[in-house]
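Student: Before I ask anything, here is the structure I am working with.
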Amino acid sequence: MWPRALLMVALRGPGKSLLLASAAGWIVMAWLVTDHRFQHSHFTELWLAMILAMAPPLLLREIGRLWRTSLRRLRHLTIGSFLSGYVGVWLLAGVVLSSILAWVSVDSSRIAVAVAVIAIWQCSPARQRCLNACHRTPTLRLFGTTAQWDSLRYGVATGCYCAASCGPLMFLVLLARDYHLVVMGLVAVVTTLERYLPARRPGWRLPMLRGRSIEWPDYSYGDAGSVRYAP
Amino acid sequence: MTRVRKDVWGLGPGWNDTLLWYAKAVRTLQSRPVTDHTSWRFLAAIHGMHPTVWRQFGIIRANTPLPTPALQSRFWNQCQHQSWYFLPWHRGYLAAFEEIVREAITTASGPEDWALPYWNYSDPSQPNARIIPDAFDLPTLPDGSDNPLRVERRFGDGTTPIELDPSFVSLDALEDDLFPGGDGDIPPGFGGPETVFHHGPESDTTNGGLESLPHNVIHSAIGGVAPGGNPNDWRDLGLMSMPITAALDPIFWLHHANIDRLWNAWLRDTQEEHVNPDETTWLDGPADRQFVMPRSGQGEWTFTARDVLDRIAPPLDYRYDDEAVPVPVVERRGDRRMRRLGAGVGAGRTREREDVVGSRKTPEPIGASDGPVRVTGSTSASIQLDTSSTRIMRGNLERAAAAASRPEPARVFLKLEGIRGTSDAAIYNVYIGVPLNADPADHRDRLAGTISLFGVSAASDPNGPTAGSGINQVLEITEIVDALHLSGDDLNHLDVRFVPATAAAAGADFSIGRLSVFKLGG
């Protein structure tokens, strides 16, 4: 039920435009794959198409917030500032991943190690911290250059947390080669759903498991006083 | 058999049968181990529980056996706040509690038609309405045994008996047009903002109208802070001040019965055509879990909003002795506004209904503070308004005053975004446009609203369900902005004044990420 409920929320405001952009990205992606352009020599176009296809659904909340909280005449500029920061981070991530890909993909044992490292990262508390940070609402000023500066910083911060939490999975997509589109589709579904699950206390756990109510808030104080209840 | 929930003050002062049986049942439930689904502590933990806090408060010991993690996960910490599930979830919670209490009462040969009383603190015809019913303060029951309804961690404003300020029992929320919140939680809605999840990260965490006032404010006002205590330290807060301890106070249930009654009263305002949401996302939500309550036997009851809409039918099967609209509409909001602006009476009425029944409008920000605001004690802040937006708004106000047939000018809302802190018991009055050296108490017409920080600690936890984004509060300031306009103010900026509404709140220390002003429609 909840993917449908999320979709209803997603289609509001600028959500439709984002989903259209994503659809365009998938079409380009499909064309690149059918044209066998998933070789390392075509990394740049592949990477840009992946960002276009996968990022918009992840940004429904952020773009929606900027749309709602910016002055009407500055909305597009503010969103542009945000996207500059966000896409900038992902382009840098592409450069890094491209280099790693070139080193890893020559040897199946390196590939196995890379997959194992990604699996560990997916279950780590550090990754959960990055996912939690994606939920945090920043303070954005409304007027002038300060508004654009805040949006740019918001875009960079979101891009960094996003690259840290989803980048390793994107690397997995790049490794998939012949199954690129299928793996990319699976990763897109997982990262999008995961993005909209409530924040959770960082800890080692399998991803996507439902949050437990006994993940207590971060209080750390003393022990019991007198008791009037049965032990 | 439909049972009748009665006004607690209407039952008479001191011990009456209803409260006496309630007290005895509370004692029975408190004697049960926390692993028992029908124990006082298990039921309270369904609303909220934190082991460290419960140990500190003496609710459990370090070695107290707790239910299995699976059971805790299934039942505990379910409470719905800053969400449109707030009202239906609490209705189901109350019904489950009432059934378990009644079972304890009938087992002790008490009346089979016992029903939970409600505390109508807003009743203008009852002189004692705002005073906590005295049975909750008496040291003993008539038989001389300890009174389980009396709670030491119920600090209020430090005086006994606790008496609520008139502004804390305001029923302004009943004027809200729509149940769900609008786009960006403008307006916040009578029942709260639309959320997909149990705790909704996909939207802001904004209090709905009824949840904000009187619900939250009553929580903070009753719980309060220990005399001489630190309002920013949870160890000094009363049970009612925090969601993770609130349901341990027996007055909690009477308070929520009244909130539940007010939901029904709002729906009965047929003149205003108030209706519940009909979206399946509300009727069958939330998306990520089912609500589940224990029953008096070993069974459990899962429900959604759809299952608690008919109160007369089983399993709810109750009604209130007074279900009338508490504040009959003398003059509708739109009419009142247009009259004050100088337009013809009745003009705003038609327009307002069109706005409500028709498609929702999208709010637009027209001003904001220049960064976060730290509030501690009486605090002033300034909001810069966008001159081109306010020029259009002023023009619309002037034209609306001149010609009754024009659409209603934009409504204006103040949004306190990202309130973070640890002072759950803090209650503040928020004023707009009070002159710098003036006493806000002399300018009640500039009171935008009364806010409570109930739940702020959990919402400020960086690893909590909202990732530390804090809570939001939306206050309608249309009439204040209209008055400023009529007084010749150029609306280039708004002065906001936060004034502690209780002595304890004066020491509270919290921050607000941004003070924003939105216009809706117009």
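The values are calculated or read from the model by the stated rules, or taken from the named source; none is laboratory data. This is a predicted model, so every value here is computed, not measured. Counting neighbours? That spans all protein chains shown, and the Cβs are built from the backbone with ideal geometry, glycine included.
Student: Considering only residues that are among the acidic types (Asp, Glu) and modelled with pLDDT of 90 or more, look in segment B:423-478 and name the one that is surrounded by the most Cβ atoms within 10 Å (Cβ to Cβ).
Tutor: Here the residue is B:424.
Student: Exactly one condition in (1) at negative phi; (2) more than 14 Å from chain A (Cβ to nearest Cβ); (3) in contact (Cβ under 8 Å) with a residue 60 or more places away in the chain is false for residue B:439; which is it?
Tutor: (3)
Student: Check residue B:159 against each of (1) out of contact with any Pro (no Cβ under 8 Å at 6 or more places or on another chain); (2) more than 13 Å from chain A (Cβ to nearest Cβ); (3) at pLDDT 95 or above; (4) more than 19 Å from residue B:276 (Cα to Cα) and name the one condition it does not meet.
Tutor: (3)
Student: Mind listing just one residue for me: the one in segment B:75-119 that is among the hydroxyl-bearing types (Ser, Thr, Tyr) and crowded, with 24+ Cβ neighbours inside 10 Å and, of those, farthest from residue B:321 (Cα to Cα)?
Tutor: My answer is B:83.
Student: Would you confirm whether or not segment B:427-435 contains a residue that is within 14 Å of chain A (Cβ to nearest Cβ) and of a type in the set (A, V, I, L, M, F, W, C)?
Tutor: Looking through segment B:427-435, none of the residues is within 14 Å of chain A (Cβ to nearest Cβ) and of a type in the set (A, V, I, L, M, F, W, C).
Student: For the condition on the phi > 0 side of the Ramachandran plot and at pLDDT 90 or above, what is the one hit in B:317, B:284, B:321, B:307?
Tutor: Of the residues listed, the single one that is on the phi > 0 side of the Ramachandran plot and at pLDDT 90 or above is B:317.
Student: If you don't mind, there's one more thing I want to ask. Name the residues in segment B:120-143 that are surrounded by fewer than 19 Cβ atoms within 10 Å (Cβ to Cβ), of a type in the set (S, T, N, Q) and touching a residue at least 60 places away in the same chain (Cβ under 8 Å), would you?
Tutor: Selection gives B:126, B:128.
Student: Restricting attention to segment B:1-27, report how many residues are farther than 15 Å from residue B:120 by Cα and in a loop (DSSP other than H, G, I, E, B).
Tutor: Total satisfying the criteria: 5.
Student: Go through (1) hydroxyl-bearing (Ser, Thr, Tyr); (2) away from chain A (no Cβ under 14 Å); (3) within 22 Å of the chain's Cα centre (by Cα); (4) surrounded by fewer than 22 Cβ atoms within 10 Å (Cβ to Cβ) and name the single condition residue B:487 misses.
Tutor: Every condition holds for residue B:487 apart from (3).
Student: For segment B:415-522, please list each of the strands (runs of 3 or more DSSP E) lying entirely inside it that holds at least 1 residues being over 28 Å from residue B:229 (Cα atoms) and of a type outside the set (A, V, I, L, M, F, W, C).
Tutor: In segment B:415-522, the matching strands (runs of 3 or more DSSP E) lie at B:471-476, B:493-500, B:509-520.
Student: If you don't mind, there's one more thing I want to ask. Which of the numbered conditions does residue A:191 fail, given that it passes all the others? Conditions: (1) within 14 Å of chain B (Cβ to nearest Cβ); (2) surrounded by 19 or more Cβ atoms within 10 Å (Cβ to Cβ); (3) β-branched (Val, Ile, Thr).
Tutor: That leaves (1) as the condition not met.
Student: When you scan segment B:130-141, do you find a residue that is within 30 Å of residue B:1 (Cα to Cα), over 23 Å from the mean Cα position of the chain (by Cα) and part of a loop (DSSP other than H, G, I, E, B), even just one?
Tutor: yes
Student: A further question follows. So residue B:211 fits all but one of (1) over 17 Å from residue B:424 (Cβ atoms); (2) crowded, with 23+ Cβ neighbours inside 10 Å; (3) more than 14 Å from chain A (Cβ to nearest Cβ); (4) among the acidic types (Asp, Glu); what number is the exception?
Tutor: Failing condition for residue B:211: (1).
Student: Let me ask something additional. Just the residues that are touching a residue at least 24 places away in the same chain (Cβ under 8 Å) and either of a type in the set (A, V, I, L, M) or more than 9 Å from every other protein chain (Cβ to nearest Cβ) (or both), please, taken from segment B:52-69.
Tutor: Across segment B:52-69, the qualifying residues are B:53, B:59, B:60, B:66, B:67.
Student: Looking at segment B:70-79, can you tell me whether even one residue there is of a type in the set (Gly, Ala, Ser) and away from every other protein chain (no Cβ under 11 Å)?
Tutor: Within segment B:70-79, not a single residue is of a type in the set (Gly, Ala, Ser) and away from every other protein chain (no Cβ under 11 Å).
Student: Output the number of residues of segment B:33-51 satisfying the condition of being buried (at least 18 other Cβ atoms within 10 Å of the Cβ) and either at the interface with chain A (Cβ under 7 Å from one of its Cβ atoms) or in a helix (DSSP H, G or I) (or both).
Tutor: So the answer is 10.
Student: For segment B:373-405, name all the residues that are farther than 26 Å from residue A:142 by Cα, touching a residue at least 12 places away in the same chain (Cβ under 8 Å) and not aliphatic (A, V, I, L, M).
Tutor: B:377, B:405
Student: Right, here's the next one. Checking residue B:319 against (1) of a type in the set (D, E, K, R); (2) part of a strand (DSSP E or B); (3) exposed (fewer than 13 other Cβ atoms within 10 Å of the Cβ), only one condition comes out false. Which one?
Tutor: (3)
Student: Residue pairs, Cβ under 8 Å, 6 or more apart or interchain, first in segment A:118-143 and free of Cβ contacts under 8 Å to residues at least 24 places away in the same chain, second of a type outside the set (Lys, Arg) and part of a loop (DSSP other than H, G, I, E, B). List them.
Tutor: That search, which allows pairs on different chains as well, returns A:136/B:462; A:136/B:467; A:136/B:468; A:136/B:469; A:139/B:371; A:139/B:372; A:141/B:370; A:141/B:371.
Student: Among the residues in segment B:266-274, are any assigned to a loop (DSSP other than H, G, I, E, B), free of Cβ contacts under 8 Å to residues at least 40 places away in the same chain and acidic (Asp, Glu)?
Tutor: So far as segment B:266-274 goes, no, none of its residues is assigned to a loop (DSSP other than H, G, I, E, B), free of Cβ contacts under 8 Å to residues at least 40 places away in the same chain and acidic (Asp, Glu).
Student: The conditions are (1) assigned to a helix (DSSP H, G or I); (2) at pLDDT below 95, and residue B:168 fails exactly one of them. Which is it?
Tutor: Evaluating residue B:168 over (1) assigned to a helix (DSSP H, G or I); (2) at pLDDT below 95 leaves (2) as the failure.
Student: Do we find a residue being assigned to a loop (DSSP other than H, G, I, E, B) and either more than 14 Å from every other protein chain (Cβ to nearest Cβ) or of a type in the set (Asp, Glu) (or both) anywhere in segment B:102-109?
Tutor: yes
Student: Select from segment B:262-281 the residues that are more than 14 Å from chain A (Cβ to nearest Cβ) and at pLDDT 85 or above and list them in ascending order.
Tutor: So in segment B:262-281, the residues more than 14 Å from chain A (Cβ to nearest Cβ) come out as B:262-276.
Correct list: B:262, B:263, B:264, B:265, B:266, B:267, B:268, B:274, B:275, B:276.
Student: Continuing with this model, one more query. Please return the ranges of helices (runs of 4 or more DSSP H) entirely within segment A:10-95 where 2 or more residues are surrounded by fewer than 19 Cβ atoms within 10 Å (Cβ to Cβ) and hydroxyl-bearing (Ser, Thr, Tyr).
Tutor: A:15-34
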